[in-house]
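Encoded as structure tokens, the structure appears first; notes follow it.
The values are calculated or read from the model by the stated rules, or taken from the named source; none is laboratory data. This one's a predicted model, so the numbers in the text were calculated from it and none came from an experiment. Reconstructed Cβ throughout: ideal geometry from the backbone, glycine too, with neighbour counts over all protein chains shown. Calculation scope for accessible area: heavy atoms of the full protein, side chains included, ligands and nucleic acids excluded. Shrake-Rupley method; radii C 1.70, N 1.55, O 1.52, S 1.80 Å.
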Amino acid sequence: MFTMPIVNLEEHARQLGDSGKRVSVLWQHSESIGFIARGREYRSEFHINPSDEVMYMIKGTMNLHYRTPDGREEIATIPEKAAIFTPAGIPHSPRFPPDAFALITERRRREGEVDQFLWYCLKCDALLHNERFIVSDYTADPVSKAYARFFENETFRTCKSCGEVMPPG
Ligand SMILES: [Fe+2]
């Protein structure tokens, strides 16, 4: 029988911080994924998730940048001990520092579902690149993989509209 996980969030976040890793997967079972994420010094991409997400701030504050249907960038601020529900399909960029921790739950991806990671030009806001990714296993840290692919390729980081090059990292 599956052992139902009971997670002490603050203790688990502390262990993740000590490990130096970005993500600690708590469960991937049935239709659910749960993980604790540590913030990044630098996060520039917008994630389009085929699943809904719930994000709860265990420690620290998150600025969730997101894009409205007409393409405007807005920011939702989630203080410590608060949660936000982000429906599937909204381009969103969770920005929080490396000493901040969030509990995130999503639906486990279905066969053929694709996650997208989008970068926009910092100068003119044109779309720079769309990295498409099949998230079959969250322990593989798909966000870090998408970042590596984007930043190692200068063509992806060069704006087709205004020529601005997003600096690596
Ligand atoms: Fe541009």
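Taking only region 67-77 into account, find how many residues are in a loop (DSSP other than H, G, I, E, B) and among the charged types (D, E, K, R). Even if it seems obvious, please write down each step before you answer.
Step one: list which residues in region 67-77 are in a loop (DSSP other than H, G, I, E, B), which gives 68-72.
Right, trim to among the charged types (D, E, K, R) and you get 70, 72.
Residues meeting the conditions: 2.
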Answer with yes or no whether P98 is away from the ligand (no atom under 16 Å from the Cβ), open to solvent by 30 Å² or more (accessible area, probe 1.4 Å) and in a loop (DSSP other than H, G, I, E, B). yes
State whether one or more residues within region 27-45 are outside any loop (DSSP other than H, G, I, E, B), out of contact with any Lys or Arg (no Cβ under 9 Å at 6 or more places or on another chain) and among the acidic types (D, E). no
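Give the residues of region 84-115 that are polar (S, T, N, Q) and in contact with a His (Cβ under 7 Å, 6 or more places away or on another chain), sorted by residue number.
Initially, region 84-115 is screened for residues polar (S, T, N, Q), giving 86, 93, 105.
T86, S93 - these are the residues of region 84-115 that are polar (S, T, N, Q) and in contact with a His (Cβ under 7 Å, 6 or more places away or on another chain).
Under the condition of being out of contact with any strand residue (DSSP E or B) (no Cβ under 7 Å at 6 or more places or on another chain) and not small (G, A, S), which residue from region 16-56 is nearest to D125 (Cα to Cα)?
So the first thing to find is which residues in region 16-56 are out of contact with any strand residue (DSSP E or B) (no Cβ under 7 Å at 6 or more places or on another chain), and the list is 18-21, 28-30, 39-42.
Now drop any that are not not small (G, A, S), which leaves 18, 21, 28-29, 40-42.
On the way: D18: 37, K21: 31, Q28: 36, H29: 38, R40: 22, E41: 21, Y42: 18 Å.
Going through the qualifying residues, I end up with Y42.
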Only one of E152, E74, E164 is open to solvent by 70 Å² or more (accessible area, probe 1.4 Å) and more than 16 Å from the ligand (Cβ to nearest atom); which? E152
Within region 106-115, restricting attention to residues that are open to solvent by less than 40 Å² (accessible area, probe 1.4 Å) and either part of a strand (DSSP E or B) or hydroxyl-bearing (S, T, Y) (or both), which residue is farthest from the ligand (Cβ to nearest atom)? E106
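E80 - would you say it is within 12 Å of the chain's Cα centre (by Cα), more than 16 Å from the ligand (Cβ to nearest atom) and either part of a loop (DSSP other than H, G, I, E, B) or not aliphatic (A, V, I, L, M) (or both)?
Working: within 12 Å of the chain's Cα centre (by Cα): no; more than 16 Å from the ligand (Cβ to nearest atom): yes; either part of a loop (DSSP other than H, G, I, E, B) or not aliphatic (A, V, I, L, M) (or both): yes.
Answer is no for this residue.
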What tally of residues in region 31-48 results from selecting those that are at pLDDT 95 or above and either under 10 Å from T105 (Cα atoms) or open to solvent by 20 Å² or more (accessible area, probe 1.4 Å) (or both)? 8
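Look at F85 and say whether it is hydrophobic (A, V, I, L, M, F, W, C) and touching a residue at least 60 places away in the same chain (Cβ under 8 Å). Steps first, please.
On the way: hydrophobic (A, V, I, L, M, F, W, C): yes; touching a residue at least 60 places away in the same chain (Cβ under 8 Å): no.
When the stated conditions are applied, F85 does not pass them.
Considering only residues that are assigned to a loop (DSSP other than H, G, I, E, B) and over 26 Å from F133 (Cα atoms), which ones fall in region 48-63?
At the first step, the residues of region 48-63 found to be assigned to a loop (DSSP other than H, G, I, E, B) are 49-52, 60-61.
If the condition is that a residue be assigned to a loop (DSSP other than H, G, I, E, B) and over 26 Å from F133 (Cα atoms), then G60, T61 are the ones that fit.
Suppose we filter region 122-147 for residues that are more than 16 Å from the ligand (Cβ to nearest atom), of a type in the set (A, V, I, L, M, F, W, C), without any contact (Cβ under 8 Å) to a residue 40 or more places away in the chain and open to solvent by less than 50 Å² (accessible area, probe 1.4 Å); how many remain?
Adding up the residues that qualify gives 3.
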